[in-house]
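Encoded as structure tokens, the structure appears first; notes follow it.
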Amino acid sequence: MSGSLEELILNSLSEGLELNTSDFANKEGVDHQLVVGTVKSLQSLGDIVKSEQINRRQWVVTGEGSDIITGGSHEFNIFNKVPETGGIPQKQLESLPNGKIGLSKALANKWLRVDKSSGDAVIHRKTGEVTDDVKVILEQLQSTSIDGVIDDKKLNDLKRRKLIKQIETKSYSVSKGSEFTLNPVRPETDLSPEMIASGAWKNLRFKPYNFDALGLPVSGGHLHPLLKVRTQFRQIFLEMGFSEMPTNAFVDSSFWNFDALFQPQLHPARDQHDTFFLADPATTPVDSLPPAYLARVASVHSEGGYGSLGYQSPWRLDEARKNILRTHTTGTSARMLYNLANQPGGFTPAKYFSIDRVFRNETLDATHLAEFHQIEGLVADYNLTLGDLMGLLQEFFKKLGIEQLRFKPAYNPYTEPSMEVFSYHNGLGKWVEVGNSGVFRPEMLLPMGLPEDVSVIAWGLSLERPTMIKYGINNIRDLVGHKVDLQMIYNNPICRLDC
Amino acid sequence: MPTINVKRDELFRRLGTTYTDAEFDELCFEFGIELDEVTSEAEQIAKEHGGRAADQSASTSVVYKIEVPANRYDLLCVEGIVQAILVFLGKQPMPTYRLSTPAAPVPVTFTVAPETSSVRPFAVGAILRGVTLNPERYASFIDLQEKLHQNIGRRRTLVAIGTHDLDSVRPPFRYVARPPDDIRFRALNQPEALTATQLMRVYATDNHLKHYLPIILDSPVYPAIYDTDDVLLSMPPIINSHHSRISLATRNIFIDITATDLRKAEVALDTLVTMFSCYCEEPFSVEPVRVVRNGEERIYPLLTTRTESISVEKVNKVVGISETPEGVARLLERMGLGAVATSATVSVTIPPTRADIIHPCDIYEDVAISYGFNRIHRTIPPTNKVARQLPLNKLTDLLRMDLAAAGFTETLTFALCSRDDAGRRLRRPDRGDTATIANPKTAEFQVVRPSLLPGILKTVAASRKMPLPLKLFEISDVVVREHGSETGARNCRSLCAAYYNVTSGFEVIHGVLDRFMQLIGVSDYRLEGSDSLPPYFQGRSALIRARGRVVGTLGVLHPEVIHNFELINPCSVVELELEPLM
């Protein structure tokens, strides 16, 4: 088909000077787009034909316009409903199909008049004979499609009435090119095994590629952006010699999550408003908790010890046994430190990390969900200093591409000193908080049985925040949960944190 | 972290220096408080009312919103902040607080009746004499009480404060508990006297007070403080009486604090009197009150000044500096502590304002802050360790990559879901075996997921626009209840993959299982057809048996499950546990 259409076009050009694609399509009774496609295809073979785009505006009759051509205009039909002598009530006319519009147009044309003398409006003819101009014009437009015959005012009126509309058609004026031929040679689209075998490729022309087009999308699956960042953080900790803690326990006792960390039982974080408590299983059996350690924790809270005054408030076992969804992964850190203190052979230095889910019963907004991932790192060794913590953080954040760090004094119930970590954000032009850090309190460490000169330095941050900054995501729901756009996951780049 | 609002001009007048916002921000940063926002009363009102034009009467003078550490009750008012900063900058020494000698031969007595123990067992008190108030001081005094109520008082549950014009009442005072109908008084700003029962009804619609009513509402007796003539001073923790209210003209103030935690009451009292004794005729002196409870007498406020001896070697070791004893002492003085250096130790005097200091490590931190965190030399700890991944997480990460390579896309769904998601929508009968949350704020967080499936199906439902097929997977933890485990519930690493298309694609999911088994090197697995697996369609589901036990299931989802998750096409899934296969 395309071959024969191509022949038709070339023959037509060889006979005349040029052709218009639209007229040509009408004449041959083929689709205009097919003609245009064939011309473009000829042009891809060299300068066989030239083309110039021509834009034409023309009026076409709408569906309602076509109805008028068949059935007459509304005003004409209404006029005919009015008897030659005597009148007809306006209400009766208006109740006819298209009665209102027909009446108003017929009145405007001064074909009809209104008589209100008897109270109710009655319509009378004002003239004997009328011609249906609207129908006539529409017929003209439909048959000739020629502009300029009818004056603009009338056309605009019909356009307002949505009886006609203006459309723009693109066509091409096609003429012979410098390489015009009736038998164009088609270049090859692809290299085939046969061409390679026969050596035919040496004498063939190949069609040029369109390098502006996109390639074929690859098949295969995609990893989730947040978890790609998690992988990078795991990598960083591993590069720095930190071992991974077993944080796979969402449900924890208040004892390990709070009490072991010397977080007072009356602390607001232990409120119903901040923490998810479990209805089922509601409590941890008391024999799950190491009894001697439990007693030491109870007394350091209520009475102090280890150089501390304690909180001087009663400590209740019931409160410690309440099961919660852990509010941080530090409960696992506490267990690991307890194990370090109580392992055969006694304490040995350790470097630990974890990245896992934690839960807060908070008010949700664009940056807060009820669950998020906490990144945590800690070093337990003899005589570590605050300077060691800052130096370590400097190295850690350097691996995230953050060079400038500074530290602000802060408060945290289980670390002292406590420091908020700030980095200079070039985009925002200010210092922004990137994490929290501190030295675990002696009231937390000594009841575990750790030697007195062992310090534990630790820090934490969320996985979501750096990920949102990295990928420019403003609403956390666009990153985590079931409402994320899968296309975002499909299109997400690999994660390199330090560039 | 509590935030307090301070008028900038007043702050700078008190500090005797003017700062730019940036300079003040820097000073705060060094000291460990935070200039959170620079605003004005008018701006704040406009913000609260959604950006509409502020009330014309609202002040446009600049207000600093300053965030202070949650354990520093002494920084909850402008008086405290100014004093701390002036001492920090070395412009003023820390004052010494002392108990004055009462005018009368014995101190004012405040008796705690035994019946209060059933509702609010503790009370303490103190008197500020010869106070000069002005509108600013008065406002700050009220503000500090409110901050203490919210913070150390845990919204008045632990601690509630009442302040009274001492000259309007007659000591001794009694703290009692009475049935609410027997308590009748004119409450602050109320037009007439009402019984406690009536008052609680009035306050049920009071936006400020209604939050505190539940603290005592259901108690058969309510707490009340009376003077010797049976004039009521206060009905804690709700409201004071109109009769004893303080005004700008008040010179002598009686402070009562009632509590469910004695230590917190003592700290709140010390904080209030140390902060406002600066306005007394004899500054920094407080008149004691004798509190009698269960026959025991105690003099309040405690105004305890403690001494703690710290080792300079230890301080230097902890902070990572090398200061002399004298140097350490100088650093501590800037933090408002008394400090005397000896050869190897510093004897530190902790004033009653610093209830946050309970261990020498709190003093080490003050040394570090005073030295300047950012002047401390940063070092790398010498701890050398060989790192080890958690085997389960290592396996998880490796499998994730290969499942993505197999054409499946990873989802990350919530660990919490509704009871319906976990049960009815999956056609799983509720066997009460799901870890359930006691206090969820929304229905989305009723239980911890027992399966990854609801999250994946909700992801499919939210991805209607995406071209088919959808091939999704997740490897993450679910929670199962287990008697005999430490808490009664345990995490279980689960893998779930789903294929959603116009055809059910069981063979695709079966292929995922085969590939998974290939990846972890398990060859002795088989499928055992089962008709009774809840989320699946009859005859199109199987148990996965490996290493002698059932490790998971796979199949075509039941049309009702498809419908329950608002899907329209068939869907095949596999879900299995990783740990038994490691």
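Of the residues making up the range A:362-402, those that are surrounded by fewer than 21 Cβ atoms within 10 Å (Cβ to Cβ), in contact (Cβ under 8 Å) with a residue 12 or more places away in the chain and out of contact with any strand residue (DSSP E or B) (no Cβ under 7 Å at 6 or more places or on another chain) are A:366, A:367, A:368, A:369, A:395, A:398, A:399, A:400, A:401. If you go through the range B:401-437 and keep only what is touching a helix residue (DSSP H, G or I) at 6+ places or on another chain (Cβ under 7 Å), facing chain A (nearest Cβ under 9 Å) and either part of a helix (DSSP H, G or I) or more than 14 Å from residue A:227 (Cβ to Cβ) (or both), you end up with B:406, B:414, B:416, B:434, B:437. Residue count for the range A:356-395 under the criterion of being away from every other protein chain (no Cβ under 11 Å) and out of contact with any Ser or Thr (no Cβ under 9 Å at 6 or more places or on another chain): the result is 4. Evaluate the following for residue A:255: is it more than 7 Å from chain B (Cβ to nearest Cβ) and touching a helix residue (DSSP H, G or I) at 6+ places or on another chain (Cβ under 8 Å)? So residue A:255 fits the description; yes. One residue stands out in the range B:476-508 among those that are assigned to a helix (DSSP H, G or I) and more than 14 Å from chain A (Cβ to nearest Cβ): the one that is farthest from residue B:416 (Cα to Cα), namely B:507. For the range B:242-260, residues that are of a type outside the set (A, V, I, L, M, F, W, C) and crowded, with 24+ Cβ neighbours inside 10 Å total 3. Taken over the range A:210-244, the criterion of being outside any helix (DSSP H, G or I) and facing chain B (nearest Cβ under 7 Å) is satisfied by A:219, A:220, A:221, A:222, A:223, A:224, A:241, A:242, A:243, A:244. Pick out the one residue from A:423, A:418 that is more than 21 Å from residue A:339 (Cβ to Cβ), open to solvent by less than 10 Å² (accessible area, probe 1.4 Å), within 11 Å of another protein chain (Cβ to nearest Cβ) and polar (S, T, N, Q). Just one listed residue meets the conditions, A:418. Within the range B:104-121, if we keep just the residues that are open to solvent by less than 40 Å² (accessible area, probe 1.4 Å) and hydrophobic (A, V, I, L, M, F, W, C), the residue that is farthest from the chain's Cα centre (by Cα) turns out to be B:108.
Got at least one residue in the range A:462-471 being β-branched (Val, Ile, Thr), more than 30 Å from residue A:255 (Cβ to Cβ) and either open to solvent by 40 Å² or more (accessible area, probe 1.4 Å) or touching a helix residue (DSSP H, G or I) at 6+ places or on another chain (Cβ under 8 Å) (or both)? Within the range A:462-471 (the criterion being β-branched (Val, Ile, Thr), more than 30 Å from residue A:255 (Cβ to Cβ) and either open to solvent by 40 Å² or more (accessible area, probe 1.4 Å) or touching a helix residue (DSSP H, G or I) at 6+ places or on another chain (Cβ under 8 Å) (or both)), the answer is yes, since at least one residue qualifies. Tallying residues that are assigned to a loop (DSSP other than H, G, I, E, B), modelled with pLDDT of 95 or more and within 44 Å of the chain's Cα centre (by Cα) within the range B:529-561 yields 0.
With a requirement of 1 or more residues that are open to solvent by less than 10 Å² (accessible area, probe 1.4 Å) and closer than 20 Å to residue A:308 by Cβ, the strands (runs of 3 or more DSSP E) lying completely within the range B:272-327 that satisfy it span B:306-311.
Taking each residue of the range A:417-432 that is without any contact (Cβ under 8 Å) to a residue 60 or more places away in the chain and looking for partners that are open to solvent by 20 Å² or more (accessible area, probe 1.4 Å) and of a type in the set (D, E, K, R) with beta-carbon atoms closer than 6 Å, six or more apart or interchain, yields A:420/A:433; A:422/A:406; A:422/A:433.
This table checks each residue for (1) in contact with a Pro (Cβ under 8 Å, 6 or more places away or on another chain); (2) surrounded by fewer than 17 Cβ atoms within 10 Å (Cβ to Cβ); (3) in contact (Cβ under 8 Å) with a residue 40 or more places away in the chain.
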site	(1), (2), (3)
B:485	no, no, no
B:499	yes, no, yes
B:503	yes, yes, yes
B:507	no, yes, no
B:511	no, yes, no
B:517	no, no, no
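For first residues located in the range A:283-295 and in a loop (DSSP other than H, G, I, E, B), partners that are among the aromatic types (Phe, Trp, Tyr) and loosely packed, with under 15 Cβ neighbours inside 10 Å and lie 6+ apart or on another chain with Cβ distances below 7 Å do not occur. If you check B:347, B:343 for being more than 10 Å from every other protein chain (Cβ to nearest Cβ), in contact with a strand residue (DSSP E or B) (Cβ under 8 Å, 6 or more places away or on another chain) and surrounded by fewer than 19 Cβ atoms within 10 Å (Cβ to Cβ), only one passes: B:347. When residue A:488 is tested against (1) in contact with a strand residue (DSSP E or B) (Cβ under 9 Å, 6 or more places away or on another chain); (2) not in a loop (DSSP other than H, G, I, E, B), only condition (1) is not met.
Of the helices (runs of 4 or more DSSP H) lying entirely inside the range A:74-187, those containing at least 3 residues that are of a type in the set (S, T, N, Q) and closer than 30 Å to residue A:25 by Cα span A:133-144. Remark: pairs (first residue in the range A:312-338, within 12 Å of another protein chain (Cβ to nearest Cβ); second residue β-branched (Val, Ile, Thr) and in a loop (DSSP other than H, G, I, E, B); Cβ separation under 6 Å; 6+ apart in sequence or on different chains) = A:321/A:284; A:323/A:284; A:323/B:487; A:324/A:275; A:332/A:247. Across the range A:267-323, the qualifying residues are those that are among the hydroxyl-bearing types (Ser, Thr, Tyr) and over 25 Å from residue B:433 (Cβ atoms), and the one among them that is surrounded by the most Cβ atoms within 10 Å (Cβ to Cβ) is A:311.
Within the range B:370-389, if we keep just the residues that are open to solvent by 10 Å² or more (accessible area, probe 1.4 Å) and of a type in the set (A, V, I, L, M, F, W, C), the residue that is farthest from the other protein chains (Cβ to nearest Cβ) turns out to be B:386.
The values are calculated or read from the model by the stated rules, or taken from the named source; none is laboratory data. Given the structure is predicted, the values throughout are model-derived calculations rather than measurements. Cβ atoms come from the backbone with ideal geometry, glycine included; neighbour counts cover every protein chain shown. To get the accessible areas, we keep the full protein, side chains included, count just its heavy atoms, and leave off ligands, DNA and RNA. Shrake-Rupley method; radii C 1.70, N 1.55, O 1.52, S 1.80 Å.
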